[in-house]
């Protein structure tokens, strides 16, 4: 928040490189049409349009696909500093259904950064800004970097 | 558990009809190759083989896809009595990575059935029986039936 | 947010009456010295000072006591409109230890209000404003009112 | 499960020593009358009787106190091998109310043990064996031992 602009720019440049390296191998995100719209140190925004083949038996977007969008934003946010991290535990509260053709955005933000673990909040928004789901994830930093 | 066999058979017959009706419309499950291998009153088992296009940037099955498999088993289990239910809140703990080509099974069981809400546990197993993930879901019964 | 001031004032007056009625019977909150510092429609703030008899074997405030503070703020927030509600499911992420003598504040806010269910976020802060814990709760409205 | 009896006995003897060392300093458990009834490697059972001063404004045991009982069983189970561990994230689903005078039991079992993290399930039972709550916790091993 109060970082000097130069360091912030470096953080963003590094985050951009992480995004490119991760996304090139992220076949699941590509398969679902998930895009990483924004990324910076500790945060990321992903977008996805609900397709016909994402609907469940209730004719709304499968909760697992909504989760996957949120989890992807979480993954990019918690790897954004080029320290390899994996998800330990995630939870999601479903607030409203998402319908075919709707463009969803998942905004991930770091809430807590501890020694080797952290907590991120992700909110999934519908096209009108309504809350579709609230996601919270706990990550664990393993050794290694991404770029 | 102690139900007469005839009623149990009716429960299973009804659950089978719910499965067919739900699955015919469940385009997300179909798209991911998820199959509903077993279903009975309050329980369901789903299977899925990890495909190349389900991998993430760490070269393992995307956590969202593992969640989707578990969430699908949860959905079939909690609709199995032909009372329409939706997921309110779900959580998942990731225990071990799933790799391309592995066949996963998600076994869902009702733990608590209250007035209009319930709690289900789903365990996702790898091909060797190892635990891949632990999922827990809270559902809410809305009005309406499936068949 | 955009409610007319008069309605807001009514909402606060009602919330205050709910607080008094609930707190008079809330022996657990009283036993732990939890106070309901603020309440309005859909929100509440509770405070508590960590006592010697709240410490665990690691010499920090027992996680269950931190949870109880957060859960109390959640309970007052989700009953604040005088519609009786109970907790279905809650989760907590522990960010930093709380030490003896520290005054903690738990700030609860409604994030989602659905038909009969809702989602609330509660943040527990330490005396210096640091985040001690992040709590999220799902409630279910039962019939009846509090005052 | 299949460990030689001698090793099992050592594991239990160590767990007993951990229990004594932890409990002597566990003022919160003592204050609430929580007892550690059983302990072994990766598991623990705690008991507590619901007192008048544990009731909330709905005249049932405060959810935070039920959580504290479960969290205590979790803590003893995940420290039982004499490796110091702390809770990262916990969730609880409330199944049925607990009333004054009822004796509750919380049974904790390790579900997943990874590198430095693990997942435990705790079920809280009422006096008649009914399920009161389902708890799941993620722990993180820090350096140090307890005895």
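For segment C:12-69 versus segment A:13-40, the spacing of their alpha-carbon centroids is 43 Å. Hey, for a label at residue B:143 modelled as a point 7 Å past Cα toward Cβ, could you say which residues of segment C:106-147 have their backbone N under 15 Å away? Answer for segment C:106-147: C:115-116. Summarising the label geometry, the points placed 7 Å from Cα in the beta-carbon direction at residue C:113 and residue C:130 lie 3.6 nm from one another. What separates the residue C:17 label point from its copies, with the point 7 Å along Cα to Cβ, is 5.0, 6.2, 6.4 nm, written shortest first. Label-point distances for residue C:100 to the equivalent site in the other copies, using a point 7 angstrom along Cα→C-beta, read 3.1, 5.8, 6.4 nm when ranked shortest first. Using the alpha carbons alone, the radius of gyration of segment D:66-137 stands to its Kirkwood radius in an Rg to Rh ratio of 1.00. Taking D:48, D:22, D:31 in turn, the Gaussian network model of chain D (Cα-Cα springs below 10 Å) assigns the largest fluctuation to D:31.
Kirkwood hydrodynamic radius of segment A:5-84, from the reciprocal of the average inverse Cα-Cα distance over all distinct pairs: 13.3 Å.
Look at the alpha carbon pairs under 8 Å that are at least 6 residues apart: their mean separation over the length of segment C:13-147 gives a relative contact order of 27 percent. Partner shielding of A:21-32 amounts to 5, given as the average count of beta-carbon atoms from other chains within 10 Å of each residue beta-carbon. Inter-chain Cβ neighbour count for C:130-139, averaged per residue, equals 3 (cutoff 10 Å, partner chain atoms only).
Shortest first, residue A:114 label-point distances to identical copies amount to 1.3, 2.8, 3.0 nm, with the label point at 7 Å from Cα along Cα→Cβ. Helix B:5-25 and the longest principal axis of the Cα set of chain B meet at an angle near 50°. Across peptide A:36-42, the average count of Cβ atoms from other chains found within 10 Å of a residue's Cβ is 0.
Residue of chain C with the smallest Cβ distance to the axis mapping C onto B, distance rounded to whole Å: C:89, 3.
In chain A, the longest principal axis of the Cα atoms and the axis of helix A:63-79 are about 10 degrees apart.
With semi-axes defined as the square roots of five times the eigenvalues of the C-alpha gyration tensor, the equivalent ellipsoid of segment B:5-141 measures 26, 16, 13 Å, largest first.
Legend: Rg and Dmax of the protein assembly as shown, from Cα coordinates, 23.3, 73 Å.
Counting only DSSP H runs of at least 4 residues, each contributing -39500 (n - 2.57), and dividing by the residue count of the protein assembly as shown, the helix-based mean residue ellipticity at 222 nm comes to -9500 deg cm²/dmol.
Laboratory data are not the source of any read-out in this text; all were calculated from the coordinates shown. Keep in mind it's a predicted model, so treat the numbers as computed, not measured. Every residue, glycine among them, receives a Cβ derived from its backbone with ideal geometry; neighbour counts consider all protein chains shown.
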